[in-house]
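Data first, discussion second: the structure below is written as structure tokens.
The values are calculated or read from the model by the stated rules, or taken from the named source; none is laboratory data. Treat the numbers as computed from the prediction; the structure is a model and nothing was measured. Accessible surface is based on the protein model in full, side chains and every heavy atom, while ligands, DNA and RNA are left aside. Shrake-Rupley method; radii C 1.70, N 1.55, O 1.52, S 1.80 Å.
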Amino acid sequence: MPLAAEWLTTIQLLKRRRRHGNQERSQSRPRPPGVMVSNALYNSARRGFLDGSIDWDSDDIRVVLLSEEYVFSQLHENLDEVLVGARVATSSALAGKTTDAGIADADDVVFPAVAGDEVVAIIIYQHTGDEFSSRLIAYIDSVALGFPLTPNGSDVRLRWSNGDSKIFRL
């Protein structure tokens, strides 16, 4: 089965990394679906930025707070592929978006009165009003954003980095 072969290859790479002090990187093979990843742009978003179907400045871009129920996969393209049960809260449209030097930035986001499962990551997506065409842009599970966090019914403020990469860099 192809998926089993991919997992076996991943296990072999992990064993090899342990033996070599985690210095090897698997850049020649894509990550198998469901493998934990930290801060990634979805392939469909890269395609969208290149073909012009995603315009960071003018499109309605939103953020979803995610529980651990969501498992990242580069194969995911649209919001309908993110389980509703994994979505803790969704923002309104991002404001103050900029793209200077290929770096995506926006004003910080406030999610009002958030309750529910522990938040472990976010997805940034292009909102079209239809989950089947709302393209996933980025997956971020950075501790710098305060993850994991346990909602308690109060507002959650998502503060973007003021460093060189801001939200993400193309």
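I'd like the per residue volume of the convex hull spanned by the Cα atoms of region 44-137, given in cubic angstrom.
Working: hull volume 9.6 nm³, N = 94.
Hull volume over Cα atoms, normalised by residue count, gives 102 Å³.
Put Glu77, Glu68 in order of accessible area, highest first, and with a 1.4 Å probe you get Glu68, Glu77.
When the chain is fully extended, how far beyond the present Cα-Cα distance does Ser154 get from Arg169, taking 0.36 nm per residue of separation? Each step should come with its number before you reach the end.
On the way: separation 15, 0.36 × 15 = 5.40 nm, distance 3.08 nm.
Once the chain is fully extended between Ser154 and Arg169, it gains 2.3 nm.
Potential lengthening of the chain between Phe132 and Asp55 amounts to 25.9 nm, from the contour at 0.36 nm per residue minus the alpha-carbon distance.
Could you state, as a whole-number percent, how many of the C-alpha pairs of region 77-129 are farther apart than 15 Å?
Numbers: 797 of 1378 pairs.
So the pairs more than 15 Å apart make up 58 percent of the total in region 77-129.
With a/c under 1.5 counting as rounded, go ahead and sort region 85-170 into rounded, prolate or oblate using the C-alpha gyration tensor (a ≥ b ≥ c being the square roots of the eigenvalues; past the cut-off, prolate if a/b is larger than b/c, else oblate).
Details: a/c = 1.78, a/b = 1.26, b/c = 1.41.
Since a/c reaches 1.5 but b/c is at least a/b, the shape of region 85-170 is classed as oblate.
In plain terms, if you count all Cα to Cα distances in region 51-97 and split them into 10 Å steps from zero, the share in each step is 23, 46, 30, 1 percent.
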